[in-house]
1. Please pick out the residue among A:Arg331, A:Arg369, A:Arg336, A:Arg373 that is more than 14 Å from every other protein chain (Cβ to nearest Cβ) and closer than 30 Å to A:Ala133 by Cα.
2. Out of A:Gly209, A:Gly197, I need the residue that is crowded, with 21+ Cβ neighbours inside 10 Å, assigned by TED's automatic domain parsing to the domain that holds A:Gly8, modelled with pLDDT of 95 or more and under 19 Å from B:His8 (Cα atoms). Which one?
3. Go over the candidates A:Gln45, A:Gln92 one by one and state the one that is in contact with a Gly (Cβ under 7 Å, 6 or more places away or on another chain) and either under 11 Å from A:Ile160 (Cβ atoms) or surrounded by 17 or more Cβ atoms within 10 Å (Cβ to Cβ) (or both).
4. Inside segment A:198-290, counting only strands (runs of 3 or more DSSP E) that do not spill past its ends, which hold 2 or more residues that are more than 14 Å from every other protein chain (Cβ to nearest Cβ) and without any contact (Cβ under 8 Å) to a residue 60 or more places away in the chain?
5. Considering only segment B:28-36, I want to know if a residue exists there that is in contact (Cβ under 8 Å) with a residue 60 or more places away in the chain and either out of contact with any Gly (no Cβ under 9 Å at 6 or more places or on another chain) or surrounded by 20 or more Cβ atoms within 10 Å (Cβ to Cβ) (or both).
6. Scan segment B:44-64 residue by residue and report those that are in contact (Cβ under 8 Å) with a residue 12 or more places away in the chain and either within 11 Å of chain A (Cβ to nearest Cβ) or under 12 Å from the mean Cα position of the chain (by Cα) (or both).
7. Can you give me the number of residues within segment A:316-352 that are aliphatic (A, V, I, L, M) and part of a strand (DSSP E or B)?
Amino acid sequence: MSFRIGCGAGFQGDRIDPAQDLAERGALDVLVFECLAERTIALAQQARLADPGAGFDPLMERRLRACLPACARNGTKIVTNMGAANPRAAAQRARAIVAELGLSLTVAAVTGDDVSDRVAKHVLDETGQPASALGPRLVSANAYIGVGAIVEALARGADIVICGRASDPALFLAPLVHHFGWAMDDYTRLGRGTLIGHLLECSAQVTGGYFADPGVKDVPDLAHVGFPLAEVGADGNATLTKLPGTGGLVTPATCTEQLLYEIHDPAAYLQPDVIADFSGVTLEQTGPDRVAIGGATGRAPTGTLKVSVAYRDGWLGEGQISYAGANARARADLARAILDERLTAPGIQDRLAHVIGNDTEQRLRYATRCTDRATAESVAQEVEALYLCGPAAGGGVTKSVKEIIAIASTLIPASAITPRADLLEPLHETA
Amino acid sequence: MRLHDLAHGRTGDKGDVSNISVIAYRRADFGLLRDRLTVARVAARLGHPPEAVTRYDLPQLGALNFVLRGALKGGVTRSLALDAHGKCLSSVLLDMPLDP
């Protein structure tokens, strides 16, 4: 009897209907929502600083409300990193939603990934300086944790496990380790489970999403693309598929694109619990929208964990304006030259100007990285001022001023952190 | 003949590192891709220094994986480009002529 694990989200903004479909018709043991990109957690940390009860995925409530009734009915557990910068608050909110829906499900929070209090001495790859040099510009520092605390939460009976930063494949590997009882030094199986997680973690990117190239790589019914699931055996080999009646396709071609997505050396995919080796992976079409995956192996992990450090790095000031019809390109180029002359503030550190055009419209985009907010606002303002003080017939100005949150990375010893799982006492809905 | 006639691919990004897969539609074409898609030619096509490009071969999948270090002008979080992730890079590479 294979273990069925599906992916209900591959990024924070992912579609919800296909996840609900998987929850309802997938006969899943586990549904994983992966919603935390490199920078998402820094934005969440800023939200938490503004409101101690915030800092988790803003779509968590919608996702849970869409999927929880079916998950409860079908005995499907949920593992997710939607806790972002505040897994505890997310778990409390999830517990309240469970109660409101009249369900009986146990929620766990996994914490310990936040290392902002112990990253100071570690040198950042990108800057060559210790993190402490960032001073008050440091926003967050989170280690990519492994399966340990997630497995513990499942073993203690959690139905919904909410983490912050964990390695993406670990969200999928953990339920496999728990279900099959794989040993943490069984690196072959951990490597195979990591492959399953890696192929699933971007949702539709393995079922025909991010794949279509009309006339060359056509994808049937992409509008209703289904999300993937894997049928996993005790040895860690698996078949990747999607639900009947959904759009998209699962073929060795879709799987190969996803296999290499965000992979550097295929023989050394560094994970907290294993160095997975994908160099010998095989993919075989065994039926319509069914691909057998095999050949992954693994070896002992490095003993260090990757840490993503987020820091404030100035401001983005940007504006766009369009010119159309006769002589449009010349007017767009003139607008650009005028901005080059007007925008000389020393706070502008970098700039990129380009004209995006077609036969009828030319749109100038002028983007800058500035030391401070006021300078970035002045850039946006100068683009808007082209209306009256620029070339003829400019229109459709848009402006954007945003703080830049940069990401750097470093390594810390795995022994420096102690992830933990806390199960929340259920709330009982009172009439 | 363009690369797009024989292969498909996808770009991924981690920090300031971009990786581009190139996958042969037909396994029979893999040898040709391996011969023609040298690091030097791919680097030139993408305007990247060749010493910052590494190629990994996966013959059993008919695939090559190009890793470009320092490709994203400081990474998605600092780049001023509209496509800050560099997600278009695979399509740009697929437009490359495949002359000997």
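The values are calculated or read from the model by the stated rules, or taken from the named source; none is laboratory data. These numbers come from a predicted model, not from an experiment. As a convention, Cβ positions derive from the backbone with ideal geometry for all residues, glycine included, and neighbour counts pool all protein chains shown.
1. Matching residue, one of A:Arg331, A:Arg369, A:Arg336, A:Arg373: A:Arg373.
2. A:Gly209 is the lone residue from the list that is crowded, with 21+ Cβ neighbours inside 10 Å, assigned by TED's automatic domain parsing to the domain that holds A:Gly8, modelled with pLDDT of 95 or more and under 19 Å from B:His8 (Cα atoms).
3. A:Gln45
4. Working: elements: A:228-232, A:238-242, A:275-277, A:282-287.
Ranges flagged: A:238-242, A:282-287.
5. yes
6. B:Arg45, B:Leu46, B:His48, B:Val53, B:Thr54, B:Arg55, B:Asp57, B:Pro59, B:Leu61, B:Gly62, B:Ala63, B:Leu64
7. 5
Listed here are the residues, each with its yes/no results for (1) of a type in the set (D, E, K, R); (2) within 31 Å of the chain's Cα centre (by Cα).
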{"site": "A:Gln320", "(1), (2)": "no, yes"}
{"site": "A:Ala326", "(1), (2)": "no, no"}
{"site": "A:Asp333", "(1), (2)": "yes, no"}
{"site": "A:Arg336", "(1), (2)": "yes, no"}
{"site": "A:Asp350", "(1), (2)": "yes, yes"}
{"site": "A:Glu361", "(1), (2)": "yes, no"}
{"site": "A:Tyr366", "(1), (2)": "no, yes"}
